[in-house]
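A.B. asks: The structure is given below, and queries will be raised subsequently.
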Amino acid sequence: MTTMNTSHTFSILFWINKSRAINDKAEIFVRVTVNGKRANIGIKRKINIDLWNNQNKKSKEKQKSHKESIDI
């Protein structure tokens, strides 16, 4: 019997689009990558640009409004 080894990859990345910000608020986007195929999704949430940590890809502050769960 021959077995086949397969490898699957999965990643999620959050980011904001500063160039499309209005009144210093930018929409949050998520990129889902599965086996090298990407899907970019706007999640209909906005955050003040100053409150976004671009290095860690998340909000700088730990406020309840920033921790909303997203049902997909």
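The values are calculated or read from the model by the stated rules, or taken from the named source; none is laboratory data. Nothing here was measured: the structure is a model prediction, and the numbers come from that model. Counting neighbours? That spans all protein chains shown, and the Cβs are built from the backbone with ideal geometry, glycine included.
A.B. asks: If you take the residues of region 58-72 that are outside any loop (DSSP other than H, G, I, E, B) and of a type in the set (G, A, S), which of them is modelled with the lowest pLDDT?
C.D. replies: If we filter region 58-72 for residues that are outside any loop (DSSP other than H, G, I, E, B), which is where we start, we get 58-59, 64-67.
When the remaining residues are screened for being of a type in the set (G, A, S), the result is 59, 65.
Numbers: S59: 80, S65: 59.
This residue is S65.
A.B. asks: Oh, and also: Hey, any hits in region 13-31 for a residue that's hydroxyl-bearing (S, T, Y) and touching a residue at least 24 places away in the same chain (Cβ under 8 Å)?
C.D. replies: Here is the first cut: in region 13-31, the ones hydroxyl-bearing (S, T, Y) are 19.
Still in the list and also touching a residue at least 24 places away in the same chain (Cβ under 8 Å): none.
Looking for residues that are hydroxyl-bearing (S, T, Y) and touching a residue at least 24 places away in the same chain (Cβ under 8 Å), one finds none in region 13-31, hence no.
A.B. asks: Output the residues belonging to region 1-41 that are among the hydrophobic types (A, V, I, L, M, F, W, C), surrounded by 10 or more Cβ atoms within 10 Å (Cβ to Cβ) and part of a loop (DSSP other than H, G, I, E, B).
C.D. replies: Result: A21, single match.
A.B. asks: Follow-up question, since we're still on this one. Which residue is surrounded by the fewest Cβ atoms within 10 Å (Cβ to Cβ), if the candidates are limited to region 42-57 and must be outside any strand (DSSP E or B), out of contact with any Ser or Thr (no Cβ under 7 Å at 6 or more places or on another chain) and not acidic (D, E)?
C.D. replies: Step one: list which residues in region 42-57 are outside any strand (DSSP E or B), which gives 49-51, 54-57.
Of the ones still in play, those that are also out of contact with any Ser or Thr (no Cβ under 7 Å at 6 or more places or on another chain) are 49-50, 54-57.
Filter again for not acidic (D, E), leaving 49, 54-57.
Numbers: I49: 14, N54: 11, Q55: 6, N56: 9, K57: 14.
Among those residues, the one meeting the criterion is Q55.
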